[in-house]
Amino acid sequence: EEHIIQFVFFNMEAKEGYYTLNNGNKIPQIALGTWQSRDDDVEKAVVAAIDAGYRAIDTAPVYGNEPSIGKALKECFESGKVTREE
């Protein structure tokens with residue numbers, strides 16, 4: 001079975017790439033969806049998404065892949081690709 005991962009590339013730093021919440025905080029308009037992603041695929045997808053400028057990862061315990069997402073994020077934090085604050 002072949003799995004295809006598709007990304008929408010755009011400049012996450014652009015002002016229009018964010019929504020401003022009522023409290024003034026901003027959130028990205030687009031996040032990487034991880035529902036039904038296999039562990040090996042989601043690790044690669046998270047790293048590729050961070051490299052592409054994504055700063056929001058959609059995840060939930062029910063997805064069952066949080067450990068793999070955490071592993072990928074840890075790799076990105078430790079390598080300096082991204083900070084927790086981002």
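The residues packed around E43, meaning those with a beta-carbon under 9 Å from its beta-carbon, carry a net charge of -2 if Lys and Arg are +1 and Asp and Glu are -1. Determine the sum of side-chain charges near I57: Lys and Arg each +1, Asp and Glu each -1, restricted to other residues whose C-beta is under 12 angstrom from that of I57. Once positives and negatives cancel, what remains is -3. Amide H contacts for Y18 (H built 1.01 Å from N in the peptide plane; partners 5 or more residues away or on another chain; cut-off under 5 Å): Q29. Near the amide H of L32, within less than 5 Å, lie the amide hydrogens of A56, I57, D58, all on another chain or at least 5 residues away, with H placed in the peptide plane.
If Lys and Arg each add +1 and Asp and Glu each add -1, what is the summed charge of the other residues whose beta carbon sits under 12 Å from the beta carbon of F77?
Numbers: positive: K71, K74, K81, R84; negative: E75, E78, E85, E86.
Taking every Cβ under 12 Å from that of F77, the sum is 0.
Based on the alpha-carbon gyration tensor of segment 33-84, what equivalent-ellipsoid semi-axes (square roots of 5 times the eigenvalues) come out, in whole Å, largest first? It would help to have the intermediate numbers written out before the result.
Values: eigenvalues 62, 22, 18 Å².
Semi-axis lengths for segment 33-84 are 18, 10, 10 Å.
Since every read-out is calculated from the coordinates, none of them should be taken as a lab result. In this text the structure is predicted, and so the values were computed from the model without any measurement. Here Cβ is always computed from backbone atoms with ideal geometry, including for glycine, and neighbour counts include all displayed protein chains.
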